[in-house]
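Have a look at the structure below before the remarks.
The values are calculated or read from the model by the stated rules, or taken from the named source; none is laboratory data. In this text, all values refer to a predicted model and were calculated from it rather than measured experimentally. Using ideal geometry, Cβ is built from the backbone for each residue, glycine included, and neighbour counts are taken over all protein chains shown. Calculation scope for accessible area: heavy atoms of the full protein, side chains included, ligands and nucleic acids excluded. Shrake-Rupley method; radii C 1.70, N 1.55, O 1.52, S 1.80 Å.
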Amino acid sequence: VDAQAEASGDVRKIVAITACPTGIAHTFMAAEALKKAAARHGYTIKVETQGSVGARNTLSAVEIAAADVVIIGADTHVDTSRFAGKRVHETSVGRALKETDRVLQEAFALPAPSGAALQRAAELTEARTPEKPAGAYKHLLTGVSYMLPIVVAGGLVIALSFVFGIEAFKDKGSLAASLMDIGGGAAFALMIPVLAGFIAFSIADRPGLAPGLVGGMLASQLQAGFLGGIVAGFIAGYVARYLRDHIHLPVHFEGLKPVLLIPLLATLVVGLLMIYVVGSPARAIMEGLTRFLQGLSGTNAVLLGLLLGGMMAVDMGGPINKAAYTFGVGLLASNSFMPMAAVMAAGMVPPLGIALATFLARNRFSADEQIAGKAAAVLGISFITEGAIPFAAKDPLRVIPACVAGAAITGALSMIFGCTLHAPHGGIFVLAIPNAVGQLLPYVGAIAAGTLLTALVLIVLKKPLPANGAVAA
């Protein structure tokens, strides 16, 4: 591939962007994987990470112009307009992390663009590639990625208000009441509008943002919950995109489209559909779901906990994990706190269980794995499930079943004990906030039980290494 460049001895230059829905772990792990793979092949590379703290290592126009290829490893919306005229290979952040060499090969295999027509053809070809995440799923994850910082901030501020007592916020004018106003009154009020707004933004770019935000606010006011917000976001996005692509004005009036016509028409369509069509059914579904969750006990609680727990561990930060996490976060706005507790506890277990296994059975892990186990422990207590990925990638048939078993048991125990969690992230650090977790000791016990089970299953499944491959205890 790119034989002319190889023959001339030129060093291939790559620019890349990585972005995952939470912007915490996969974003940076994929960036590191791309750098290492490029170094192995003798390429130069610069990777821009679009994480939870914003864009870092931002690509300059000069670097983009000098690049031979552009690699986008993202599960959220990334603006590619600055890469016009370049070979752009879009894939998931998971493939950029786990199939890095193949991604590089695919990127250099793209035909060199020779004008707008070829560039458009390359984009259409890539859009048909089955490896690319489904459009609807990617749009949803974009909304979740923008919503998440608001939910985390709001949830933690609400949790801080409980330091003064679980009902101290009812005392108007008190610090606890002010904290509740910030977290519940402001941050959580923005949760559904931001979710809907950025789903629409992912679909239609900037024209979708206004109708999406308005539709999300209506979903919140109509008590349609996060389901109503998701529907509003998709309606707004596709309506705005349709209007953008099908309204044609004389050149002197084109400026009216993005600031007047699309916001007005799309907002009217979304608003009327939310009020007269979507709002009531979505509200009924959310109310039924809330009643079901609040009344869970016995077998139903066990099954839901097993399901959510297993989903958190099966792909460790991938699409299934994100689906379970989004479910738990979305229910916080409906005052359903048990699923969130099960989700976070289960998500902590895979890296913690692996870390414990590397400590208890050192003869089954290499020196590098024992060092990685210590890092996994830190990530685990911080509720970063991705800390288990290096082990799962190396030995999936043993590591993944062990992690799923421990996480599923943790989720089930959390639900059986009736544990609740008001903050959507934070790991062990949230447990230190008084009243942030309901049934604290059983909750800690559930995490410990799952961690121990994962470690034991992993120790049983893995065989001792040869004497020269292990480190003495």
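Over the chain, with every protein chain in place, what whole percent of the accessible area is carbon and sulfur at 1.4 Å, could you tell me? Mind dumping the intermediate values first?
On the way: 13650 of 20720 Å².
Of all accessible area on the chain, carbon and sulfur atoms account for 66 percent.
Which entries of 322/394; 13/36; 98/394; 86/322 show an alpha-carbon separation above 20 angstrom in the structure shown? Over 20 Å Cα-Cα: 322/394; 86/322.
Here the spin labels are modelled as points 7 Å beyond Cα on the Cα-Cβ line, and at residue 463 and residue 56 they lie 4.1 nm apart.
Exposure here means at most 13 other Cβ atoms within 10 Å; with trypsin sites (Lys or Arg not before Pro) in a DSSP loop as sites, the longest stretch of the chain lacking them is 173-473.
Ligands, DNA and RNA aside, residue 456 has an accessible area near 90 Å² when probed at 1.4 Å. Set against the labelled values [x] 41, 24, 20; [y] 50, 29, 20; [z] 37, 35, 17, semi-axes √(5λ) of the Cα gyration tensor in Å computed from this structure falls on [z]. For residue 170, no lysines have a Cα falling under 22 Å of its own Cα, not counting residues fewer than eight places away in the same chain. In a fully extended conformation the segment linking residue 256 and residue 290 would gain 7.9 nm over its present Cα-Cα distance, using 0.36 nm per residue.
Under the rule that an exposed site lies in a DSSP loop and has at most 15 other Cβ atoms within 10 Å, name the longest stretch of the chain with no GluC sites (Glu not before Pro) of that kind, not counting the sites themselves. Please report the intermediate quantities before stating the final value.
On the way: sites that count: 131, 167, 254.
Maximal segment without exposed cleavage sites: 255-473.
In this structure the amide hydrogen of residue 90, modeled in the peptide plane, comes within under 5 Å of the amide hydrogens of 72, none closer than 5 places in sequence on its chain. Under the criterion of Cα pairs below 8 Å and six or more residues apart, the relative contact order for the chain equals 12 percent. The distance linking segment 273-320 with segment 365-425 is 22 Å (Cα centroid to Cα centroid, whole angstrom). Value of Rg to Rh for segment 318-473, rounded to two decimals, is 1.01; Kirkwood radius and Rg both from alpha-carbon coordinates. Please label the shape of segment 265-304 as rounded, prolate or oblate, based on the square roots a ≥ b ≥ c of the eigenvalues of the alpha-carbon gyration tensor (a/c under 1.5 means rounded; beyond that, a/b larger than b/c means prolate, else oblate). Prolate, because a/c is 1.5 or more and a/b exceeds b/c.
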